[in-house]
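Encoded as structure tokens, the structure appears first; notes follow it.
The values are calculated or read from the model by the stated rules, or taken from the named source; none is laboratory data. What you see is a predicted model; the values in this text were computed from it and never measured. Note: ideal-geometry Cβ built from the backbone for every residue, glycine included; neighbour counts use all protein chains shown.
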Amino acid sequence: MTVIGKRVLVTGGAGFIGSHLVERLLRNGNQVTVIDNFNDFYDMRIKRENIAACLMNPKFNLIEGDIRSPIDLDEVFEHGPFDVVVHLAAMAGVRPSLRDPALYMDVNILGTQRLLDKVAKSARLMSECAPLFVFGSSSSVYGERAFEKFSETDIVDRPMSPYAASKAAGEMVCHAFHNATGIDVVCLRFFTVYGPRQRPDLAIHKFCKAIDEGKPIEVFGDGSSLRDYTFIADILDGVEKAMQLAKPGFEIINLGRSEPVRLLDMIRVLEKHLRKRAQLTHLPMQTGDVPNTFANIEKARRMLAYEPSTSFESGAEQFVNWYIARTTIAPPPGISTSTVA
């Protein structure tokens, strides 16, 4: 199911997931508006490169602004009305959130609330049907638990990091918004998304770079931790299908592959495709980390006909091929190879 002919707002649309979604939406003829503040969480030039091609499309509008700013949001909604709002803008990352929890609460909770307020106000003022609101949540809301599938009905009141707490709170803010306004909301819990353009701070990207450069990899724990790695194309399929739900009310839906991969096995797959050996340095588990993630995707299958099709072996190979291309082809002016690798 491809989204066609929609007017879509994507917050955080210059990031990893956002830029892939924007490209797909534009390719299928949708009108897309993006707000992104190009913050310095990682080199902002990476984000600018992510959407460079989109700037040439007449159906693309970019607002460089902050979702916490009512003035910036006013500018965004001048490009409306929107059929769908996909809210991906957030401060991301479990470990960084331990260093500045207040910032995570400010952006991920206050920013979400201000965006929701603008959605409701815009719908009232323009006498238009309110857009479907799709909220990018995270598997981190599930916290630490035994090895079992994580289901949408599980209680999520024991977050292990400020990031996880902010995402769980964001879901609750969305539910309160739906209850107060009747506007439809779908919260998508993403499980460890990877693929070309993955953020440089995330494990697969960091490990790939370290192996390629012959540098040691810091492995926290004994390497037996499990992650439900989900390839970007499969995530986009789920997002697109969620964008086409008719009057869903309020729903929370997992998007994962439901086939967790052991950390050491992930490293071995990267070694295979890089044709280089990793140097491992074992360290204690870090605060905020969880031992495993495992998506129950039966609800996604039922509601979205969601069926992830990319094996970890195939997805990792695609990522490594992208990484190698990025490190062997001269980058655009002003962007060093070490920055984007």
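See the values below:
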quantity	calculated
Selection count where residues are out of contact with any Gly (no Cβ under 9 Å at 6 or more places or on another chain) and of a type in the set (D, E, K, R), scope the stretch 84-101	2
Residues of the stretch 180-231 that turn out to be among the hydroxyl-bearing types (S, T, Y), surrounded by fewer than 19 Cβ atoms within 10 Å (Cβ to Cβ) and closer than 20 Å to L280 by Cβ, as a count	1
Residues of the stretch 262-281 classified as touching a strand residue (DSSP E or B) at 6+ places or on another chain (Cβ under 6 Å) and surrounded by fewer than 19 Cβ atoms within 10 Å (Cβ to Cβ), total	4
Pairs where the first residue, in the stretch 237-251, is on the phi > 0 side of the Ramachandran plot and surrounded by fewer than 20 Cβ atoms within 10 Å (Cβ to Cβ) and the second is part of a helix (DSSP H, G or I) and not polar (S, T, N, Q), C-beta under 9 Å, 6+ apart	G249/H178
Scope the stretch 196-228; condition among the polar types (S, T, N, Q) and at pLDDT below 95; matching residues	S224, S225
Of residues in the stretch 286-300 being modelled with pLDDT of 85 or more and under 20 Å from the mean Cα position of the chain (by Cα), the one farthest from I204 (Cα to Cα)	K299
Residue check for Y142: within 30 Å of F312 (Cα to Cα), in contact with a Pro (Cβ under 8 Å, 6 or more places away or on another chain) and of a type in the set (F, W, Y)	no
Given (1) buried (at least 19 other Cβ atoms within 10 Å of the Cβ); (2) within 19 Å of the chain's Cα centre (by Cα), number of the condition I63 does not satisfy	(2)
Any pair with Cβ under 7 angstrom, 6 or more apart, that starts in the stretch 321-334 at a residue that is modelled with pLDDT under 55 and ends at one that is surrounded by 15 or more Cβ atoms within 10 Å (Cβ to Cβ)	P331/V340; P332/E49; G334/R45
Any hit, the stretch 183-193, residues being in a helix (DSSP H, G or I) and on the phi < 0 side of the Ramachandran plot	no
Subset of the stretch 8-41 (residues that are touching a strand residue (DSSP E or B) at 6+ places or on another chain (Cβ under 7 Å), surrounded by fewer than 21 Cβ atoms within 10 Å (Cβ to Cβ) and in a helix (DSSP H, G or I))	L26
Residue match in the stretch 186-195 (condition: touching a Pro at 6+ places or on another chain (Cβ under 7 Å), modelled with pLDDT of 95 or more and either closer than 30 Å to L116 by Cα or of a type in the set (D, E, K, R) (or both))	yes
Residue check for T293: buried (at least 20 other Cβ atoms within 10 Å of the Cβ) and under 28 Å from I51 (Cα atoms)	no
